[in-house]
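FYI, it's all coordinate maths here, none of it is from the lab. The model shown is predicted, which means the values in this text are computed figures rather than measured ones. Please note: Cβ atoms are built from the backbone with ideal geometry, for glycine as well, and neighbour counts cover all protein chains shown.
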Amino acid sequence: MKVGSRRRSGSLVGPPRCGVRTSQRDVPTIPGRETSYKEALAWLYSLQRFGIKLGLENIRRLLAELHVDLRGTRVIHVAGTNGKGSVCAMIDSICRAQGYRTGLFTSPHLVTFRERIRVNGEMISGAAVANGLVAIRNLLADCDPHPTFFEVTTALALKHFSDPAGRGAKRHSEQLPSSSPLPSRRGEGIKVRGGSPNRDKLDVVILETGMGGRLDATNAIQSDVSVITSINFDHEKWLGDTLPEIASEKAGIMKARVPVVSAPQQPEAEKVIRACAAECEAPLQFVAAPYDETPIALAGSYQKQNAALAIAAIREAKINLDNSAVARGLARIDWPARFQYWDERTIIDGAHNPAAARGLAKTWREIFGDQKATLVLAVLSDKNLRGICEALVPIANSVLLPKIRSERAAHPETLAKVLADITPPLPYSITPSVAEALDRARAKPNPILITGSLHFAGEVLVYLRGEPAAFEECTQ
């Protein structure tokens, strides 16, 4: 199993390598000298045609040419199958409650691309996206193979985090109180009077892997702690068909002698994680006890496990933290499409694999008991359709299958065939749009559960907000 080499925190893992000029006829260009956010985003989205290419050579080269440097910033790297986004959001919220300046990189987005990159809870501005992408585009004329959508997005985020001037930081920001002191490299706390000497520099950066871990673009940065959430089956085409194979890819974020915190795992996955940690000489902690001390803004017992993992990650990164900040951070967390109440009878959840769907069904029973849902379901075609349906059928009394905008979505007719083959069968209806599906669901007396995909959740949210034009649909 290949693992990352040890470097100073925030530095690149491995040497950059230069590419050769590639034909500009094959590389989309950003039109115009003054590039708008929409034009820049259109160029970025066009890179999806390069597909998914796991590997670190491109991103290492790109980060080196962008002079990305996060040294002096605590980096927390999160991999896993389910719960990654929630854990990252919890870490971010807790650290901000303590007074630290944070950078948060997650994927995919729900509504706008800007959600993926946040500083102190604020999304990156459209101007910063445009300026950053133009700078990256100007470097890519000499790149072959061409970086992918996710590699460019990761580079944009890391450059934004490392460059206060580029993100328009103000020396006297009033968003947060003075930063609490971070520990020194030896691990002891440093007492700094009046807060951090540079209020623009980020104290903590939280990175969520896009897929896997070992060859994910986020793995090009040295971390201070590696976090592994629950591992299960998803993205088998890329990560392998067995749990040990998938766990090996997730565990690939471990670095030599860098602490690892993990959620409880199935025995096959745990064995791989222990072996990888031993190879890396990395201290390993499995966080078994859920957090029960104060309320969490996200519903579901599994979020208590996520909270415990987030807290352990912060402490293992040697970030000073008090209990009141933990309580404030968990109470304030805003992370849509995770058992999100739109209104008193409408729930939106982005569960998109069988394990997540089983967790969703458990949360439904915790809150609604034996009351059945009107299920509004849309799933991406490359997912385990049967596994997801089998997990959700027991909590539903009827299913509505809308046609959605995502080109990756399974056809409603395909989902209908899957549902028809499950015993006992549920009544289902195919609708031509999200709007009609929701109208039909509201006409029924049952509570409504909208689920199956984060992409679908985003489309639903813009419809419910009355802002369909705000939906920046993306296949990755």
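Compared with the dominant Cα axis of the chain, that is its longest principal axis, helix 84-98 is turned about 50°.
Would you mind classifying segment 219-351 by shape? Square roots of the alpha carbon gyration tensor eigenvalues, ordered a ≥ b ≥ c; an a/c under 1.5 is rounded, otherwise it is prolate if a/b is larger than b/c and oblate if not. Walk me through the numbers on the way to the answer.
Numbers: a/c = 2.24, a/b = 1.32, b/c = 1.70.
The shape class here is oblate.
Dividing the mean sequence gap of close Cα pairs (under 8 Å, 6+ apart) by how many residues segment 58-164 holds gives a relative contact order of 33 percent. Per the Debye formula with a single identical scatterer at each Cα and no solvent contribution, what log10 I(q)/I(0) holds for segment 341-390 at q = 0.14 Å⁻¹? Per q value, in the given order, log10 I(q)/I(0) is -0.36. In the chain, helices alone account for a calculated mean residue ellipticity at 222 nm of -10500 deg cm²/dmol, with every DSSP H run of four or more residues adding -39,500 (n - 2.57). Length gained on full extension, SER301 to ARG49, computed as 0.36 nm times the residue gap minus the Cα-Cα distance: 86.8 nm.
A simple spin-label model places the labels of ALA470 and ALA443 2.9 nm from each other, with each point 7 Å out along Cα-to-Cβ. Taking a straight Cα-Cα cut-off under 15 Å and skipping sequence neighbours fewer than 8 places away in the same chain, the aspartates and glutamates within cross-link reach of LYS362 are ASP349, ASP370, GLU390.
Which shape class applies to segment 24-332: rounded if a/c is under 1.5, otherwise prolate when a/b exceeds b/c and oblate if not, where a ≥ b ≥ c are the square roots of the Cα gyration tensor eigenvalues? Kindly include the intermediate steps, with their values, before the conclusion.
On the way: a/c = 1.74, a/b = 1.17, b/c = 1.48.
It is oblate, given that a/c is not under 1.5 and a/b is not larger than b/c.
Sparsely packed loop sites in segment 299-373 (the trypsin sites (Lys or Arg not before Pro) outside DSSP H, G, I, E and B with at most 14 other Cβ atoms within 10 Å) do not occur.
Computed from the C-beta positions of GLU270 and TRP238 and an R0 of 22 Å, the FRET efficiency is 0.50 to the nearest 0.05.
Site pair GLU436 and ARG408 shows an inter-label distance of 2.6 nm when each label is modelled 7 Å from Cα along Cα→Cβ. Amide H contacts of TYR100: SER180, each under 5 Å away and 5 or more positions distant or on a separate chain (H built 1.01 Å from N in the peptide plane; Pro and chain starts excluded).
Classify segment 409-476 from the C-alpha gyration tensor, please: rounded if a/c falls under 1.5, else prolate or oblate depending on whether a/b exceeds b/c.
Details: a/c = 2.40, a/b = 1.43, b/c = 1.68.
Verdict is oblate for segment 409-476.
Considering only DSSP beta bridges whose two residues both sit in the chain, what percent are antiparallel, to the nearest 5? Taking every DSSP beta bridge within the chain, about 25 percent pair in antiparallel fashion.
Mind giving me the FRET efficiency for GLU293 and ASP334? R0 is 25 Å, r the Cβ-Cβ distance, nearest 0.05 is fine. Once the sixth-power term is evaluated, E becomes 0.75.
If R0 is taken as 51 Å, the Cβ-Cβ distance between PHE368 and GLU34 corresponds to a FRET efficiency of 0.45. Of the cross-linked pairs LYS53/LYS255; LYS53/LYS201; LYS159/LYS255; LYS237/LYS417; LYS53/LYS271; LYS53/LYS383, those separated by over 26 Å at the C-alpha level are LYS53/LYS201; LYS53/LYS271.
Which is the longest run of the chain containing none of the GluC sites (Glu not before Pro) found in DSSP loop states (not H, G, I, E, B) with at most 14 other C-beta atoms within 10 Å? It would help to have the intermediate numbers written out before the result.
Details: sites that count: GLU34, GLU174, GLU188, GLU281, GLU293, GLU344, GLU407.
Formally, the longest exposed-site-free interval is 35-173.
Working from label points 7 Å from Cα in the Cα-to-Cβ sense, the GLU281 to ARG315 distance is 2.6 nm.
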